[in-house]
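The values are calculated or read from the model by the stated rules, or taken from the named source; none is laboratory data. These numbers were taken from a predicted model, which means no experiment stands behind them. Because the Cβ atoms are built from the backbone with ideal geometry, glycine has one as well, and the counts that use them run over all protein chains shown. These accessible areas exclude ligands, DNA and RNA; they are computed on the full protein's heavy atoms, side chains included. Shrake-Rupley method; radii C 1.70, N 1.55, O 1.52, S 1.80 Å.
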Amino acid sequence: MAVMGEVGVQTRIISTYAPESIKKRILPAVSSGNCMLAVCMTEPHAGTDVGNFKTDTRVEGNKIYLKGVKR
(Lines give C-alpha, C1' and ligand atoms only; values in the text may rest on other atoms or scores of the structure.)
Protein backbone atom coordinates (compact mmCIF):
# COMPACT_ATOMS: atom_id res chain seq x y z
CA MET A 1 0.00 0.00 0.00
CA ALA A 2 2.87 2.39 0.73
CA VAL A 3 4.19 1.96 -2.81
CA MET A 4 0.74 2.55 -4.29
CA GLY A 5 0.46 5.79 -2.31
CA GLU A 6 3.82 7.00 -3.52
CA VAL A 7 3.05 6.25 -7.14
CA GLY A 8 -0.51 7.55 -6.98
CA VAL A 9 -2.03 10.85 -5.97
CA GLN A 10 1.05 12.74 -4.78
CA THR A 11 3.20 12.05 -7.83
CA ARG A 12 0.33 12.80 -10.21
CA ILE A 13 -0.21 16.19 -8.57
CA ILE A 14 3.49 17.01 -8.83
CA SER A 15 3.79 15.80 -12.43
CA THR A 16 0.70 17.80 -13.47
CA TYR A 17 1.08 21.08 -11.57
CA ALA A 18 4.65 21.57 -10.32
CA PRO A 19 7.23 23.66 -12.16
CA GLU A 20 9.83 21.66 -14.12
CA SER A 21 12.58 22.36 -11.58
CA ILE A 22 10.54 20.79 -8.79
CA LYS A 23 9.48 17.82 -10.95
CA LYS A 24 13.12 17.10 -11.85
CA ARG A 25 14.18 17.23 -8.20
CA ILE A 26 11.35 15.31 -6.50
CA LEU A 27 10.05 12.68 -8.95
CA PRO A 28 13.39 10.87 -9.51
CA ALA A 29 13.96 10.80 -5.74
CA VAL A 30 10.52 9.20 -5.23
CA SER A 31 11.18 6.67 -8.00
CA SER A 32 14.51 5.66 -6.48
CA GLY A 33 13.08 5.35 -2.96
CA ASN A 34 15.16 8.24 -1.60
CA CYS A 35 12.07 10.40 -0.99
CA MET A 36 8.64 9.62 0.41
CA LEU A 37 5.63 11.85 -0.08
CA ALA A 38 2.70 12.44 2.24
CA VAL A 39 -0.67 14.15 2.17
CA CYS A 40 -2.05 15.96 5.20
CA MET A 41 -5.76 16.63 4.87
CA THR A 42 -6.86 18.13 8.18
CA GLU A 43 -7.03 21.67 9.51
CA PRO A 44 -8.02 22.75 13.03
CA HIS A 45 -11.13 24.68 11.91
CA ALA A 46 -12.24 22.31 9.12
CA GLY A 47 -11.17 18.80 10.09
CA THR A 48 -11.12 16.82 6.82
CA ASP A 49 -13.65 19.06 5.02
CA VAL A 50 -11.33 19.97 2.14
CA GLY A 51 -13.76 22.57 0.80
CA ASN A 52 -13.32 24.68 3.95
CA PHE A 53 -9.51 24.58 4.07
CA LYS A 54 -7.72 27.92 4.38
CA THR A 55 -4.13 26.72 3.86
CA ASP A 56 -2.58 28.21 0.75
CA THR A 57 0.62 27.70 -1.22
CA ARG A 58 2.61 29.74 -3.68
CA VAL A 59 5.53 28.85 -5.92
CA GLU A 60 8.41 31.32 -6.26
CA GLY A 61 11.22 30.09 -8.45
CA ASN A 62 12.19 26.63 -7.22
CA LYS A 63 10.63 27.06 -3.77
CA ILE A 64 7.14 26.29 -2.50
CA TYR A 65 5.75 28.33 0.39
CA LEU A 66 2.96 26.97 2.58
CA LYS A 67 0.81 29.30 4.68
CA GLY A 68 -1.65 27.72 7.07
CA VAL A 69 -2.10 25.38 9.99
CA LYS A 70 -2.24 21.61 9.80
CA ARG A 71 -2.82 18.96 12.45
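Some values worked out for this structure:
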quantity: Enumeration of residues in the stretch 44-71 that are touching a helix residue (DSSP H, G or I) at 6+ places or on another chain (Cβ under 8 Å) and over 21 Å from residue 19 (Cβ atoms); calculated: 45, 46
quantity: Residue in the stretch 46-54 that is modelled with pLDDT of 85 or more, over 15 Å from residue 69 (Cα atoms), open to solvent by 90 Å² or more (accessible area, probe 1.4 Å) and part of a loop (DSSP other than H, G, I, E, B) present; calculated: no
quantity: Qualifying residues in the stretch 55-71 (those that are touching a residue at least 12 places away in the same chain (Cβ under 8 Å) and assigned to a strand (DSSP E or B)) - the one least open to solvent (accessible area, probe 1.4 Å); calculated: 59
quantity: Qualifying positions in the stretch 18-31 - open to solvent by 40 Å² or more (accessible area, probe 1.4 Å) and modelled with pLDDT under 90; calculated: 31
quantity: In the stretch 32-45, the residues that are surrounded by 11 or more Cβ atoms within 10 Å (Cβ to Cβ), modelled with pLDDT of 85 or more and under 16 Å from residue 10 (Cα atoms); calculated: 35
